[in-house]
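Heads up, the thing below is written out as C-alpha cells.
The values are calculated or read from the model by the stated rules, or taken from the named source; none is laboratory data. Worth saying up front: this structure is predicted, and the values here are computed from it rather than measured. Virtual Cβ from ideal backbone geometry, glycine too; neighbours counted across all protein chains shown. We work out accessible area using only protein heavy atoms, side chains counted, and drop any ligands, DNA or RNA first. Shrake-Rupley method; radii C 1.70, N 1.55, O 1.52, S 1.80 Å.
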Amino acid sequence: MEHFDVAVIGGGQSGLATAHALLRHGLRPVVLEASDRAAGAWPHYYDSLTLFSPARYSSLPGMPFPGADRDRYPHRAEVVAYLTAYAGRLDAEIRTECRVSAVRRTADVFEVDLEGGDRLSARGVVAASGTFGRPHRTALPGLDGFTGQVLHAADYRSPAPFADRRMVVVGAGNSAVQIAAELAKSARVTLATRGPVKFAAQRVLGRDLHWWLTRTGLDTAPLGRLLPRPPAQPVLDDGRYQAALAAGQPDRRQVFTGADGAKLGWPDGEREEVDAIVLATGYRPDLPYLALLHGALDADGNPRHRDGLATGVPGLAFVGLEWQRSLSSNSLRGVGRDADRIARRLAAHLGRP
C-alpha cells in the first residue's frame with residue numbers, strides 16, 4: 001500500500017492551495033481528484049459566470065492571475081485555464097479520475113479507499129472537495145408534483161435551450177440573479193424569492209468592493225467561528241441587475257404557493273403554466289467519504305471543525321468551506337490563507353518526516 005504524509009481529497013482551488021502549503025511546510029501530499037483534470041468545479045459552472053473579484057484579488061499563493069488588466073473580472077474559462085496551469089507548476093503528485101469512496105482510521109494512519117478497489121494510507125487527510133457535488137434542493141410547496149422541468153443551477157449552462165419558454169428561477173443570491181437576468185433576454189422569467197433581493201455595490205467611491213474589504217481587514221477577519229450558520233451574502237452589482245429587476249426582466253415575486261401539474265400558484269392567487277424551474281438554492285459540503293470517521297460529520301453531513309481542523313478526529317482537516325474562518329475562506333483570493341494555516345497546524349501535529 002502506498003503511503004503519504006497527507007492525502008488531499010479534491011483537486012480544485014482548495015486542494016491545490018493546500019498541496020502548495022503542505023509542500024512549503026515540509027510535508028509530502030498526494031492530491032486525489034475525481035474528475036479528469038485539476039480544476040475543481042469550475043469547468044462545470046454556467047458558461048457566462050465571471051468572478052466577483054478582480055484579477056488582482058483572484059490568485060492562489062505563488063502564481064498571480066495572468067493578464068495585463070488587473071482590474072477585469074475573469075470569466076469561468078480563464079479560471080479553468082489558470083487552475084490547470086497552477087496544477088502543472090505544482091511540485092506535487094496529482095492523481096485525476098481518482099474518486100475517494102471512504103476514509104477510515106486504522107491505528108495511527110488513515111486508510112483511503114478509492115473507487116475501483118485501490119487503497120492508500122496517509123498520516124493526515126485534508127477534505128477539500130468543495131460543495132458542487134451536493135446541490136441543495138430547498139423544499140418548496142408542490143415542487144414534488146410539478147410536471148415541468150426542474151433543474152439545479154449546477155445543471156444550468158446557458159440560456160439557449162430555454163429561449164421563448166416560461167421560466168422561474170428560485171433564489172436570491174448571486175447565481176440566482178445572474179441566471180435569471182441572462183435567461184430574461186430570451187425567455188419570460190420570474191425570480192422567486194422569500195424576501196427582497198439584497199444588493200451590495202460592486203464599486204464604492206471609485207474602488208472595487210474587494211479593495212475596501214482588504215484595506216479594512218474585513219476580508220480576513222476570523223468571524224467564521226462566531227457564526228452558527230453562514231449568512232446569506234448580498235448580490236454584488238454594478239447596477240445592471242437592479243436595473244434589470246426594475247424593468248421586470250426578470251420580474252420578482254414571492255415564492256410560489258403550490259403546483260398542479262405544470263401550473264404554479266402564486267401568493268396573489270394567479271395560476272399559470274411554467275415550462276421549467278431553476279433552483280439556485282446553493283450547495284452543502286460534499287463529504288460522504290468521511291461517514292466512517294466517527295465524529296467527523298454532524299447528523300446533516302456537515303463537518304465538525306474549528307477553523308478547519310476537525311474537532312473529533314486528530315489529523316483530519318478541511319479547506320474551502322464557506323466561512324471556514326473568514327468571509328474569503330472559499331474564494332480564490334482567500335483559500336490560500338486557510339490552507340497555509342491548516343498545513344502549519346498539520347505539520348506541528350504530525351511532525352515533519
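Could you state the angle between the C-alpha long axis of helix 174-183 and the longest principal axis of the C-alpha atoms of the chain, as a value from 0 to 90 degrees rounded to the nearest 10?
40 degrees
Using only helices, what value at 222 nm comes out for the chain when you add -39,500 (n - 2.57) per DSSP H run of length 4 or more and divide by the total residues, to the nearest 500 deg cm²/dmol?
-6000 deg cm²/dmol
Just the number, please: carbon plus sulfur as a percent of the accessible area of the range 265-338, 1.4 Å probe, no ligands or DNA/RNA counted. Provide the component values of the computation, followed by the final result.
Values: 1360 of 3010 Å².
C and S atoms contribute 45 percent here.
Output ³J(HN,Hα) for the range 13-19: one whole-Hz value per residue in order, computed from phi by the Karplus curve 6.51 cos²θ - 1.76 cosθ + 1.60 with θ = phi - 60°, and x for Gly and Pro.
Karplus values, whole Hz, x for Gly and Pro: 4, 6, x, 5, 4, 5, 4.
Quick one: Cα centre-to-centre distance for the range 51-90 and the range 172-239, in angstrom?
The distance from the Cα centre of the range 51-90 to that of the range 172-239 comes to 21 Å.
Step through the residues of the range 104-117 one at a time and calculate ³J(HN,Hα) from phi using the Karplus curve (6.51 cos²θ - 1.76 cosθ + 1.60, θ = phi - 60°), rounding each to whole Hz and writing x for Gly and Pro.
Listing the rounded values in order: 9, 9, 10, 6, 9, 10, 9, 9, 10, 8, 10, 4, x, x Hz.
As a test, work out the antiparallel percent of DSSP beta bridges whose residues both lie in the range 176-276, rounded to the nearest 5.
Bridges in the range 176-276 that DSSP calls antiparallel: roughly 55 percent.
Roughly how many Å² is the accessible area per residue of the range 132-213, as a whole number, for a 1.4 Å probe?
47 Å²
Just to be sure I understand the curve: with the Debye formula and one point per C-alpha of the range 137-194, what is log10 I(q)/I(0) at q = 0.13, 0.21, 0.26 Å⁻¹?
-0.31, -0.84, -1.26
Below 8 Å, C-alpha to C-alpha, sequence gap of six or more: please give me the relative contact order for the range 1-151 in percent.
Relative CO of the range 1-151 lands at 32 percent.
Rg and Dmax of the range 86-170, using alpha carbons, in Å: what are they?
Just the Cα atoms of the range 86-170 yield Rg and Dmax of 20.2, 60 Å.
How large is log10 I(q)/I(0) at q = 0.13, 0.15, 0.24, 0.25 Å⁻¹ when the Debye formula is applied to the Cα atoms of the range 276-353, each weighted equally and without solvent?
Per q value, in the given order, log10 I(q)/I(0) is -0.45, -0.58, -1.16, -1.21.
Amide H neighbours of residue 93 under 5 Å, at least 5 residues apart or on other chains, H built in the peptide plane: list them.
31
How large a share of the accessible area of the range 80-126, in percent, is made up of carbon and sulfur atoms when the probe is 1.4 Å and the other protein chains stay in place?
40 percent
Pick from 18, 311, 216: which residue has the top mean-square fluctuation in a GNM of the chain where Cα pairs under 10 Å get a spring?
216
Have a look at 247, 187, 81 and tell me which one the Gaussian network model of the chain (Cα, springs below 10 Å) gives the largest fluctuation.
Checking each option, the largest mean-square fluctuation is seen for 247.
Percent of accessible area on the range 137-200 owned by carbon and sulfur, 1.4 Å probe? Walk me through the intermediate numbers first.
Values: 1430 of 2790 Å².
The computed percentage sits at 51.
Along Cα→Cβ, 7 Å out, is where each label goes; now give me the distance between the ones at residue 1 and residue 225 in nm to one decimal.
3.3 nm
With springs only between Cα atoms under 10 Å, which of 144, 219, 155 fluctuates most in a Gaussian network model of the chain?
Checking each option, the largest mean-square fluctuation is seen for 144.
Would you please give the FRET efficiency between residue 249 and residue 311, computed as 1/(1 + (r/R0)^6) with r the Cβ-Cβ distance and R0 = 51 Å, to the nearest 0.05?
Using R0 = 51 Å, I get an efficiency of 0.60.
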